[in-house]
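J.: The structure that follows is given in the form of structure tokens.
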Amino acid sequence: MDIEEYYGKRIYMIGIGGSSMSGLARLLKWHGCSVCGSDRTASHKTDALVSEGINVFIGHDGKNVAGSDLVIYSAAISEENPERQYALNHGIPQIERCTLIGLLMKHYTDSIAVSGTHGKTTTTAMLSEVFLKAGTEPTIHIGGELDALGGSTRLGSGDVFICEACEYHKSFLEFLPTQAIILNIDEDHLDCYKDIDEIENAFLQFAALVPSYGTVYGMGDDMRVYKLLSKLGCKTRTFGLEPQNEIRAENVSYDENGYASFTATFFGHPLAEIELSVAGEHNLRDALAVIAVANENELPMSLVAEALHEFKGVHRRYELTSVTDGVRVYTDYGHNPTETKTVLGVAARQAHNRLWAVLQPHTFSRLKTLFNQFLECFDDADEVLVTDICAAREKDPGDINSGMLVDALLKKGVKAHLTPTFDDAEAYLRAHWQSGDSVVTLGCGDIYLLNEQIAAHGDTQRS
């Protein structure tokens, strides 16, 4: 299939309100397609699409698909979905979201795909701002909202396509990258992978998609990534903090906000002095990935340093949403144990009295398969609230719930509380927090709505 054959035709997108799908809808509209679609619920993303002339149906109904030339669906949409069934019964071709991204990649000389269990969106956003600063006019597709783009996508006039590559259901194997970043390989999505070895093998297959003339950049501090690079037939570059890496951060220091300053080096030779405006060692490593790509693509390092200093982060990545009753309230997209522990570590290093964590577990399968790891990620929090599980694409199996996590945390000595609804969580916080405290809400579901209602109620200053 050549996606250009569908430019100017009617394309229907199931799950159009997702971060990635909404951005792709805009890209297709910019290419002259008549785009419409559906989602389970209305949101600010669907409202924005409607305001831009893209028709969105709330709820799924087969008749909405009538007259479409192509159906695009996200991986969370099952074959039993009535709109997919209509397309099947009426001979309308269907492709998954990542297949579309791969088809778009075909039309660019350089396609840079950012993969890894953690940090994909932030690294893709950093990389995008660097390439924009360098004047390369890239086309960009990320899974989060970036102020520099005014959203999640940008249609550029250059030959570079930048996007993030998700390993869920091996979706990234549909891509056609000429350059690829692998940030890390960790346990997640164990509803579709047997174990960590199968996850590692999927990343190897992804990296092997890069042609012999391309480059794969790997975080050399992650031994699974480091080992994987040796199996590739293309050029490779390593980045990280340990001595074995080619691109390194030296003379590292952190200010009171947790922002890193360092000298970026290539085989020991200084490339640039970098001062970040986002906190934590994980953001430092993400920046090193970007520096490795920028160096290989011969971008001016002075502009790279400027862009990285100006980068303020992506929405829902340790984002300050309000100061309410003197309490700083943040939200973060982190939804597995490693990400949860990392962001709470960042929050703990910043000035605060007590640190509150509010977790909305995402999917029954993730909580069940990573249950023991979740018990180990709240050491930096003074108190933990746990809401009901966000089921997302899953049905309740009946053998796992948030109360079980709270009980297990209490047995470990963690001050944990079950607050099933966002109203329950807000009420508990307001009854117990004090000025000078910090709150971090965590999860990739709709936990951000808790932040919105906190900001809308009471003595609040917007960030």
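J.: Having 2 or more residues that are β-branched (Val, Ile, Thr) and touching a strand residue (DSSP E or B) at 6+ places or on another chain (Cβ under 7 Å) is the bar; report the strands (runs of 3 or more DSSP E) wholly within region 294-403 that clear it.
T.: It comes to 319-324, 327-332, 383-386.
J.: Considering only region 401-446, state which residues are within 18 Å of residue 348 (Cα to Cα), under 26 Å from the mean Cα position of the chain (by Cα) and surrounded by fewer than 18 Cβ atoms within 10 Å (Cβ to Cβ).
T.: Those that are within 18 Å of residue 348 (Cα to Cα), under 26 Å from the mean Cα position of the chain (by Cα) and surrounded by fewer than 18 Cβ atoms within 10 Å (Cβ to Cβ): none in region 401-446.
J.: Check whether at least one residue in region 74-92 is within 24 Å of residue 142 (Cβ to Cβ) and charged (D, E, K, R), and report yes or no.
T.: Scanning region 74-92 turns up no residue that is within 24 Å of residue 142 (Cβ to Cβ) and charged (D, E, K, R).
J.: Quick check on region 117-135: of everything there that is at pLDDT below 95 and in contact with a helix residue (DSSP H, G or I) (Cβ under 8 Å, 6 or more places away or on another chain), which residue is farthest from residue 225 (Cα to Cα)?
T.: 122
J.: Can we say residue 66 is touching a strand residue (DSSP E or B) at 6+ places or on another chain (Cβ under 7 Å), of a type outside the set (S, T, N, Q) and in contact (Cβ under 8 Å) with a residue 12 or more places away in the chain?
T.: For residue 66, the condition - touching a strand residue (DSSP E or B) at 6+ places or on another chain (Cβ under 7 Å), of a type outside the set (S, T, N, Q) and in contact (Cβ under 8 Å) with a residue 12 or more places away in the chain - is not met.
J.: Give the number of residues within region 79-134 that are of a type outside the set (Gly, Ala, Ser) and assigned to a helix (DSSP H, G or I).
T.: 27
J.: Going by what's in this entry, would residue 112 be described as more than 24 Å from the chain's Cα centre (by Cα), at pLDDT 95 or above and either within 21 Å of residue 306 (Cα to Cα) or of a type in the set (Val, Ile, Thr) (or both)?
T.: no
J.: Count, please, the residues in region 353-383 that happen to be of a type in the set (Phe, Trp, Tyr), surrounded by 22 or more Cβ atoms within 10 Å (Cβ to Cβ) and without any contact (Cβ under 8 Å) to a residue 60 or more places away in the chain.
T.: Here the count works out to 1.
J.: Another question about this same structure. Go through region 110-159 and give me each residue that's closer than 28 Å to residue 208 by Cβ, surrounded by fewer than 22 Cβ atoms within 10 Å (Cβ to Cβ) and either hydrophobic (A, V, I, L, M, F, W, C) or not assigned by TED's automatic domain parsing to the domain that holds residue 180 (or both).
T.: none
J.: Which of the residues that make up region 1-51 are over 17 Å from residue 77 (Cβ atoms), touching a Lys or Arg at 6+ places or on another chain (Cβ under 8 Å) and among the polar types (S, T, N, Q)?
T.: Correct list: 34 only.
J.: Could we say that residue 12 is of a type in the set (Phe, Trp, Tyr) and within 25 Å of the chain's Cα centre (by Cα) here?
T.: When the stated conditions are applied, residue 12 passes them.
J.: Taking the residues in region 24-58 that are among the polar types (S, T, N, Q) and part of a helix (DSSP H, G or I) as candidates, determine which candidate is surrounded by the fewest Cβ atoms within 10 Å (Cβ to Cβ).
T.: Taking the candidates together, the pick is 51.
J.: Failed condition for residue 82, given (1) without any contact (Cβ under 8 Å) to a residue 24 or more places away in the chain; (2) touching a Pro at 6+ places or on another chain (Cβ under 8 Å), with all others met?
T.: Looking at each condition in turn, residue 82 falls short on (2).
J.: Please verify whether region 193-203 includes one or more residues that are closer than 29 Å to residue 318 by Cα, outside the structural domain of residue 336 (by TED's automatic domain parsing), surrounded by fewer than 18 Cβ atoms within 10 Å (Cβ to Cβ) and modelled with pLDDT of 95 or more.
T.: Checked against the condition, which is being closer than 29 Å to residue 318 by Cα, outside the structural domain of residue 336 (by TED's automatic domain parsing), surrounded by fewer than 18 Cβ atoms within 10 Å (Cβ to Cβ) and modelled with pLDDT of 95 or more, region 193-203 yields at least one hit.
J.: List the number of the failed condition for residue 153; all other conditions in (1) touching a Gly at 6+ places or on another chain (Cβ under 6 Å); (2) assigned to a helix (DSSP H, G or I) hold.
T.: All conditions pass for residue 153, except number (2).
J.: Might you check whether a residue that is over 21 Å from residue 184 (Cβ atoms), without any contact (Cβ under 8 Å) to a residue 24 or more places away in the chain, surrounded by fewer than 23 Cβ atoms within 10 Å (Cβ to Cβ) and of a type in the set (Asp, Glu) occurs anywhere in region 263-279?
T.: Taking every residue of region 263-279 in turn, none turns out to be over 21 Å from residue 184 (Cβ atoms), without any contact (Cβ under 8 Å) to a residue 24 or more places away in the chain, surrounded by fewer than 23 Cβ atoms within 10 Å (Cβ to Cβ) and of a type in the set (Asp, Glu).
J.: Right, here's the next one. Checking the conditions here, which among 21, 1, 13 is crowded, with 23+ Cβ neighbours inside 10 Å and modelled with pLDDT under 95?
T.: Exactly one of 21, 1, 13 is crowded, with 23+ Cβ neighbours inside 10 Å and modelled with pLDDT under 95, namely 21.
The values are calculated or read from the model by the stated rules, or taken from the named source; none is laboratory data. Quantities reported herein were computed from a predicted structural model and do not represent experimental measurements. As a convention, Cβ positions derive from the backbone with ideal geometry for all residues, glycine included, and neighbour counts pool all protein chains shown.
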